[in-house]
Amino acid sequence: MKLTTRLGAALIILITTCFAGAQQATSVPDEKRVPLGEAAVAHDGAGMTALQANLRTTSLNGGPDDPVTNVRIVVRNTSATFYAFVSGVVTFYDAAGIRCGEGIFKADALAADESFETDTPGLRIRCQAATWRIVAMNLVPRLPPNPPIPPIAVPVQKP
């Protein structure tokens, strides 16, 4: 009986391994690093372009002892979706491609083709930044209001 239990357990492990190995991860286009003068693009979960950002701050020469902490960006909704909440991460890299600073951005409401200017709280650039990218973390669509509920007709009972 112990041999049967062991064979059954081994069979379950083998089948589980086969199914797990057969699954493929869905690939969403990665947000590419771009030079500081170019617009960075973020994608939604379906791989479509959702946000585009441009830097307002031009001097990004930080150091370990004197990091840059005040960076302004303009983020534009490039999709046709109206969002109730948008947030993401902006990351900066030096010339060797080493990450040297990242911060967050957010907006409470963003219409299609609308832009907002924001800073990046928590950002500390500790290098001379050469490239950057943005990643959309939360893209919560705005839902239309519910239609009014019609009154319920109550049948009248006859005595």
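We did not get these values from a lab; they are worked out from the coordinates using the rules stated. For clarity, every value in this text was computed on a predicted model and none was experimentally measured. Cβ sites come from the backbone with ideal geometry, for glycine too, and all protein chains shown count toward neighbours.
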Residue order, fewest to most beta carbons within 10 Å, for Arg126, Arg133: Arg126, Arg133
Residue by residue, what Karplus-based ³J(HN,Hα) values in Hz, rounded to whole numbers, does the stretch 120-129 have, using 6.51, -1.76 and 1.60 with θ = phi - 60° and x for Gly and Pro? 10, x, x, 6, 9, 7, 10, 7, 8, 5
Quote the Stokes-Einstein diffusion coefficient, in whole µm² s⁻¹, for the stretch 34-141, based on the Kirkwood radius over alpha carbon pairs, a temperature of 20 °C and a viscosity of 1.002 mPa s. 155 µm²/s
Euclidean distance between Cα centres, the stretch 127-159 to the stretch 51-83, Å: 28 Å
